[in-house]
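Here's the structure we're looking at; comments come further down.
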Amino acid sequence: MAYILAVNPRILADSGGPCVPGDDGVFEGIFGESYEECLEKIKQQYVTATAIGSMVACLLMGLVANLPIALAPGMGMNAYFTYSVVGWRGTGKVSYQAACTAVMIEGALFFVLAITGLRYKIIKLIPKPVRVATPAGIGAFLAHLGLQTAEGIGAVVGDVATAVTLGGCPEDKRTKMVAYDADCENLGICVFSDNYTCDVNGGFMTSGTLWLGILGMMIIAIALAYKSKLSFIYGIAFVTIVSWFRGTAVTYFPDDPAGNARFDYFKKVVDVTGLDLLLAPFTSDLANAGIALFTMLYVDFLDTSGTLLGIVNSMGLIDEEGNFPKSTHAYAVDALSTMFGSIFGLSPITSYIESGAGVEAGAKTGLTAVICAFYFFISIFFAPILASIPPWAIGGALILVGALMARSLTKLNFNKVSHAVSGFLTVMVMPLTYSIAYGLIAGIGAYLVMEGAFKLLSFAGIELPADEEEADTQSEGKDVEPSVPLKEVEEEEGVEQALVEEKAIVGDEEAPLGETGEGGKSDEDAAA
């Protein structure tokens with residue numbers, strides 16, 4: 001998750017933060033020298049703010065909820081905060097101060113839902129096929145991020161006609177894409193993004209960083225096959241160290257203004273930036289912030305719920321009622337973290353899907369979150385080092401975590417159409433809309449419409465075919481969320497017995513330990 005220290009400050013700084021345009025007008029003001037200097041300062045301060053907010057959130061999750069789930073400012077929510085609420089460099093309808101105040105209020109409302117139990121009661125209404133498909137949807141989301149450039153290897157890029165296409169072109173072949181709106185056409189104020197296309201200048205699959213990222217991914221995959229718990233560290237560390245050498249085709253510090261600025265920051269090694277520009281940016285004037293407040297609440301609600309359920313499902317901790325240990329504590333921590341982060345001008349803090357990588361490596365308790373908090377604490381001082389991990393070093397890890405999380409689809413009942421359709425939409429919509437929330441909405445909506453139609457038609461005497469009814473009956477014991485293999489037990493008293501710590505939750509009912517054995521498998525399965 002170290003990339004958040006580099007990506008989040010850049011996104012939130014695009015809002016303009018507390019920076020005020022000069023007296024020469026908005027057009028000149030937001031491009032003026034003093035405004036640019038202010039933006040650089042708040043970018044640096046947002047590194048510290050992101051580290052502090054994430055540190056406190058992870059520490060609370062580990063100590064209070066005892067879950068291996070790390071938290072940080074949500075990637076989708078920070079983009080919504082910047083580009084939809086405040087607007088690029090403050091050109092939106094809501095002021096930066098009002099947006100930060102809305103984040104604080106959203107966290108408080110979230111906390112009320114958590115401690116009263118209303119939040120979890122709403123979550124338990126999520127249909128079973130959507131719950132089963134959620135881990136795979138999150139995995140697809142992770143893989144989608146890992147294939148792109150901002151947080152990945154850059155194999156998938158933008159395209160004017162098809163939205164996405166094969167990329168992998170070097171930086172000098174990239175053509176930036178802009179939002180060609182009225183301001184861009186008439187005033188020349190065009191909003192650029194990290195999205196680009198290789199269609200204009202060519203160079204497909206010739207980027208050195210792409211192939212270095214693929215090599216790192218293969219290192220991780222091979223190490224995973226050998227059950228190494230340091231698999232992800234091997235790949236990320238190898239690619240990162242190679243990318244730190246200057247004067248190569250894969251360097252993270254090229255000899256240009258941006259590369260030199262990154263290298264100058266990297267050379268500091270230790271650096272602590274103040275928070276005077278970001279501290280407590282609240283206001284009582286919440287004009288036009290109502291819609292933003294509502295949107296952040298429901299997106300945060302669904303995103304966090306989907307992430308928590310997906311990761312906890314993969315750990316095999318869901319009971320027959322769809323509950324998991326200290327669920328109320330986990331949701332309350334998420335809400336309190338959002339409130340705490342708003343004090344430093346951060347967008348809502350949420351549980352991170354990258355926690356799935358820790359679960360794959362064997363994480364089972366809150367100690368993992370506490371260790372993440374420790375590293376975020378270190379990053380307050382060593383931000384120049386941790387913020388210099390290139391995205392192509394992380395992309396391969398995200399892709400492989402996505403592949404491992406896709407195993408949950410093996411327990412989706414594809415023989416029942418309503419389950420197949422709702423589960424499939426959940427998986428597809430999450431990565432394609434960059435939102436776990438929208439994936440859940442699509443899956444839940446499809447399930448409710450189809451099941452509702454079946455009920456209404458049954459009243460009219462139109463029953464489902466026999467094979468569909470049979471599939472529904474069989475699914476009662478087969479929609480199982482597979483757990484992640486967590487540990488192998490070595491030789492004991494001269495007899496080697498490889499046991500995998502899994503819990504089999506059949507038909508949403510946890511199998512008694514005496515029937516499944518220590519590893520969560522039946523005697524017949526163990527014999528096989």
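Here, each number is a calculation from the coordinates, and none is a lab measurement. The structure presented is a predicted model; accordingly, all values stated were derived computationally and were not measured. In this analysis, Cβ positions are derived from the backbone assuming ideal geometry, glycine residues included, and neighbour counts consider all displayed protein chains.
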- Message: How far apart, in nanometres, would the label points at ASP285 and PHE374 be if each is projected 7 angstrom from Cα along the Cα-to-Cβ direction?
- Response: 4.7
- On full extension of the chain, what length is gained from ILE462 through GLU40, given 0.36 nm per residue of separation minus the C-alpha to C-alpha distance? 145.4 nm
- Is the shape of the range 243-349 best called rounded, prolate or oblate, per the rule: a/c under 1.5 gives rounded, else a/b larger than b/c gives prolate, else oblate, with a ≥ b ≥ c the square roots of the Cα gyration tensor eigenvalues? oblate
- The answer for the net charge of residues other than ALA258 whose Cβ lies under 12 angstrom from its Cβ, with Lys and Arg +1 and Asp and Glu -1, is -2
- So if we plug the beta-carbon distance of VAL64 and VAL269 into 1/(1 + (r/R0)^6) with R0 = 35 Å, what FRET efficiency do we get, rounded to 0.05? 0.55
- Note on the structure: Computed ³J(HN,Hα) along the range 379-385: with the Karplus parameters 6.51/-1.76/1.60, θ = phi - 60°, integer Hz and x for glycine or proline, the list is 5, 4, 9, 10, 4, x, 7
- Task: Starting with the highest mean, order 345-358, 104-117, 177-190 by the number of other Cβ atoms within 10 Å, averaged over the residues of each peptide.
- Result: 345-358, 104-117, 177-190
- Excluding ASN66 itself, what net charge comes from residues whose Cβ is under 10 Å from its Cβ, given Lys and Arg +1 and Asp and Glu -1? +2
- Near the amide H of ALA179, under 5 Å away, which other amide H atoms are found, from residues 5 or more places off or on another chain, if H is placed in the peptide plane? VAL191
- Task: Using θ = phi - 60° and the Karplus relation 6.51 cos²θ - 1.76 cosθ + 1.60, list the HN-Hα couplings for the range 399-413 in order, rounded to whole Hz, with x at every Gly or Pro.
- Result: 5, 5, 4, x, 5, 5, 6, 5, 4, 5, 5, 5, 9, 7, 7
- For SER228 and ALA261, compute 0.36 nm times the residue count separating them, minus their Cα-Cα distance, and round to one decimal in nm. 8.2 nm
- Query: Local charge sum around GLY202 (other residues, Cβ-Cβ under 15 Å, Lys/Arg +1, Asp/Glu -1)?
  - Reply: -2
- Query: Using 7 Å Cα-to-Cβ label points, what is the TYR434/LYS176 separation (nm, one decimal)?
  - Reply: 1.6
- Message: Among the listed pairs LYS43/LYS93; LYS93/LYS128; LYS43/LYS326; LYS121/LYS455; LYS227/LYS268; LYS43/LYS227, which have their C-alpha atoms separated by more than 29 angstrom in this model?
- Response: LYS93/LYS128; LYS43/LYS326; LYS227/LYS268; LYS43/LYS227
- Note on the structure: Listed by chain and number, the residues whose amide H is under 5 Å from that of ALA70, excluding neighbours fewer than 5 places away on the same chain and using placed H, are TYR352, SER355
- Query: Per-residue HN-Hα couplings for the range 105-119, Karplus 6.51 cos²θ - 1.76 cosθ + 1.60 at θ = phi - 60°, whole Hz, x for Gly and Pro?
  - Reply: 5, 4, x, 5, 5, 4, 5, 4, 4, 6, 6, 7, x, 5, 4
- Treat each spin label as a single point 7 Å out from the Cα along the C-beta direction, and report the LYS121 to ALA420 distance in nm. 3.7
